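Worksheet: one structure, shown below.
The values are calculated or read from the model by the stated rules, or taken from the named source; none is laboratory data. Note that the structure is a prediction, hence the values are computed from the model and not measured. Methodologically, a virtual Cβ is constructed for each residue, glycine included, from the backbone with ideal geometry; neighbour enumeration extends over all protein chains shown.
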Number of protein chains: 2
Amino acid sequence: MIKLAIDAMGGDFAPYIVIEGVIKALTEDSSLYIYLYGDKYLIEEIIQKKTKINNKILKKIQNKITIVHTPFFLEAGIKHIREELRDNQQHSMFLALRAAQIEEADGVVSAGPTQALILASFLIIKTLKGISRIALAPIFSNLDNKQKILLDAGGNTDLKPEHLVNFAICASIMAQELLKIKKPIVKLLNIGSEKTKGRTFEKNAFHLLEKNNFILFKGNEEPQNILNTEADILLSDGFTSNIVLKSYEGALTITFQAIKKILTKNYLKKIISKILFSKELQKIKKKLDNKEIGGAMLLGLNKIVIKAHGNSNSYAFYNAIKQAKILIQQNFLKKIEKHLITENK
Amino acid sequence: MIKLAIDAMGGDFAPYIVIEGVIKALTEDSSLYIYLYGDKYLIEEIIQKKTKINNKILKKIQNKITIVHTPFFLEAGIKHIREELRDNQQHSMFLALRAAQIEEADGVVSAGPTQALILASFLIIKTLKGISRIALAPIFSNLDNKQKILLDAGGNTDLKPEHLVNFAICASIMAQELLKIKKPIVKLLNIGSEKTKGRTFEKNAFHLLEKNNFILFKGNEEPQNILNTEADILLSDGFTSNIVLKSYEGALTITFQAIKKILTKNYLKKIISKILFSKELQKIKKKLDNKEIGGAMLLGLNKIVIKAHGNSNSYAFYNAIKQAKILIQQNFLKKIEKHLITENK
């Protein structure tokens with residue numbers, strides 16, 4: 001039995017899509033047990049509605065869920081997370097993390113505010129022995145639909161090279177278990193391909209990554225290539241990856257705005273574009289938007305914690321649950337431990 | 001009389017476009033005097049060809065040029081610049097810099113390899129008193145054709161906040177003199193708009209920029225907004241600005257490739273696109289490419305040094321000469337000195 005603690009109230013469409021995702025996961029997988037943290041009345045009402053038409057589903061899930069009531073949850077955009085943690089531990093996210101910490105649950109899934117989840121996980125669950133930071137590792141899709149892991153996409157703006165090496169080890173095993181890649185290729189995001197390029201941080205990280213026997217390190221990757229990189233795992237600090245993502249976002253938005261203007265400049269052009277091109281343009285725009293797939297993993301923690309995207313639909317949330325389950329089942333944390341290197345704090 | 005030392009052999013189309021630019025500058029401006037460093041025979045041949053049809057031009061320029069012969073010049077992509085400097089000081093770029101150092105010339109223009117020009121300037125010409133680094137400050141064009149300065153676009157991957165403040169002071173005066181902006185707006189490239197965002201570097205730089213009375217600092221700018229920012233000067237370290245430029249480059253290349261594929265998928269679409277859209281698409285692509293305008297300035301040096309783009313045409317090179325002239329005429333270096341802050345090395 002795998003027990004997951006789920007923050008029912010996190011995310012833009014919670015608790016509705018969370019419950020939908022949970023029901024789908026439970027009906028497909030009898031080895032799961034779910035603790036749901038949130039507004040009991042609302043949750044029960046949704047479950048009732050969802051199972052009214054299908055009594056079989058209700059039977060399948062009714063002994064697989066425990067609802068733990070709390071009226072408190074974290075709003076998107078929450079600041080002062082430390083103060084929240086000090087003043088009110090009854091927020092649905094905190095309760096879910098606490099359940100994992102006291103080993104009532106094997107892992108946690110939440111679509112709540114990212115920075116809150118990272119900080120609260122760090123403080124409640126704590127890091128693995130020898131690791132001092134937590135990285136956020138979302139999965140993205142390449143232009144050829146190959147999936148890759150980008151990290152750190154979280155809040156570590158100032159990292160040490162040793163932190164990055166440990167994240168690379170965690171991500172390599174994550175790629176093996178979740179993406180089924182036997183020998184995941186790791187590359188370092190940098191401003192040039194030579195090992196002498198970049199800041200002191202990149203130069204030292206290159207050296208450490210190169211000499212690590214567990215990691216299949218294939219050197220630097222420049223930011224213009226991230227949509228068709230050979231890498232399964234792209235490494236950088238949280239500042240740089242954020243700069244890259246926001247630059248891509250900006251360039252794509254502006255380009256598509258400009259092209260739309262050209263293609264719809266007058267009535268004739270509008271009609272022709274709609275008939276001939278609009279469908280495919282929509283498709284490529286969506287693809288280039290390069291959104292995260294499923295849940296992002298919080299690497300470095302003592303327990304499995306998956307961050308589902310804030311605007312997840314129920315299928316994405318279901319996928320995040322599946323990710324958590326696989327990683328627990330595959331003994332992810334045990335597998336990592338023996339490969340970690342010592343960090344200079 | 002303003003005397004400029006010009007590296008005749010630097011850039012993809014040297015010495016041809018360099019000579020063309022020099023001739024244009026000299027015919028328009030009688031206050032200029034040019035030292036040309038490079039292959040005397042080649043240079044004289046080009047001057048002869050260019051002035052054969054128009055004797056007036058020859059008369060105007062013949063007493064305004066001294067050609068200093070050297071068979072040596074730096075190829076694009078040169079490495080081991082320190083070794084070159086030690087072993088052969090006769091490269092055209094080094095001779096031009098030396099002329100400024102011994103005050104034979106008031107400034108230098110070169111389209112030669114960027115990193116070589118930065119390092120050789122640093123070693124030959126030296127920095128202004130109190131400044132320990134050199135920044136490369138190119139001028140870019142916004143979507144609305146407003147010009148802005150981006151720095152550091154050079155090799156300073158690890159900067160201190162104080163360096164950035166001094167660069168911001170230099171760039172503010174550069175914007176006043178070259179872009180004719182009375183109160184240039186300065187913003188800091190960062191991953192969020194709040195002052196608490198970014199690395200320790202950005203947080204400390206924000207604080208110093210905010211309290212500096214000379215700089216009109218308006219906070220952080222996120223990378224998705226750089227093509228329509230209100231800022232006249234965008235600050236970052238050389239690593240981050242390189243990451244941003246390469247991300248934009250990558251996103252634009254991939255998007256236009258994808259769109260071209262859609263618009264030319266079959267013969268009919270190809271014809272229609274060509275008739276209705278291709279001209280405007282070309283135009284917007286060129287605009288979004290957001291290429292540098294004129295020359296980039298090397299900030300922090302004891303003399304005016306302008307880096308013309310490696311693939312400059314003669315008009316761009318002429319513009320770089322004009323930039324150098326204006327900055328010398330306006331006493332740029334004297335104006336900077338009194339505003340600089342003390343740097344922690």
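Details
- The condition (being of a type in the set (A, V, I, L, M) and within 12 Å of chain B (Cβ to nearest Cβ)) is satisfied by just one residue among A:LEU227, A:LEU208: A:LEU227.
- Looking only at segment A:51-80, and only at residues there that are assigned to a loop (DSSP other than H, G, I, E, B) and β-branched (Val, Ile, Thr), the one that is farthest from A:ALA96 (Cα to Cα): A:ILE53
- Out of B:ILE271, B:ILE262, sole residue that is free of Cβ contacts under 8 Å to residues at least 24 places away in the same chain and more than 10 Å from chain A (Cβ to nearest Cβ): B:ILE271
- Selection status of B:SER241, among the hydroxyl-bearing types (Ser, Thr, Tyr), within 26 Å of B:PHE332 (Cα to Cα), assigned by the TED database to the domain that holds B:SER278 and out of contact with any helix residue (DSSP H, G or I) (no Cβ under 9 Å at 6 or more places or on another chain): yes
- Residue in segment B:77-90 that is surrounded by 12 or more Cβ atoms within 10 Å (Cβ to Cβ) and of a type in the set (Gly, Ala, Ser) present: no
- Lone unmet requirement of (1) under 19 Å from B:ASN142 (Cα atoms); (2) surrounded by 18 or more Cβ atoms within 10 Å (Cβ to Cβ); (3) within 7 Å of another protein chain (Cβ to nearest Cβ); (4) not aliphatic (A, V, I, L, M) for B:SER241: (3)
- Tabulated pairs, segment B:110-133, first on the phi > 0 side of the Ramachandran plot, second part of a loop (DSSP other than H, G, I, E, B), C-beta under 9 angstrom, 6+ apart or interchain: B:LYS126/B:ASN302; B:LYS126/B:LYS303; B:GLY130/B:LEU340; B:GLY130/B:ILE341; B:GLY130/B:THR342; B:GLY130/B:GLU343
- Residue, nearest to B:PHE94 (Cα to Cα), within segment B:274-315, restricted to residues that are touching a residue at least 60 places away in the same chain (Cβ under 8 Å) and within 14 Å of chain A (Cβ to nearest Cβ): B:ASN290
- Boolean, B:ALA25 is under 11 Å from B:SER92 (Cβ atoms) and either under 21 Å from the mean Cα position of the chain (by Cα) or free of Cβ contacts under 8 Å to residues at least 12 places away in the same chain (or both): no
- Criterion violated by A:PHE217 - all others in (1) out of contact with any strand residue (DSSP E or B) (no Cβ under 6 Å at 6 or more places or on another chain); (2) more than 13 Å from A:ALA135 (Cα to Cα) satisfied: (1)
- Failed condition for B:ALA171, given (1) out of contact with any Asp or Glu (no Cβ under 6 Å at 6 or more places or on another chain); (2) within 14 Å of another protein chain (Cβ to nearest Cβ): (2)
- Test for B:ASN319: is it surrounded by fewer than 17 Cβ atoms within 10 Å (Cβ to Cβ) and more than 14 Å from every other protein chain (Cβ to nearest Cβ): no
- Selection within segment A:28-46 - part of a helix (DSSP H, G or I) and crowded, with 21+ Cβ neighbours inside 10 Å: A:ILE43
- Among (1) more than 9 Å from chain A (Cβ to nearest Cβ); (2) acidic (Asp, Glu); (3) in contact (Cβ under 8 Å) with a residue 60 or more places away in the chain - the single one B:GLU221 does not satisfy: (3)
Let's see how each residue does on (1) out of contact with any strand residue (DSSP E or B) (no Cβ under 9 Å at 6 or more places or on another chain); (2) assigned to a loop (DSSP other than H, G, I, E, B):
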position	(1), (2)
B:SER312	no, yes
B:LEU327	no, no
B:HIS339	yes, yes
B:GLU343	yes, yes
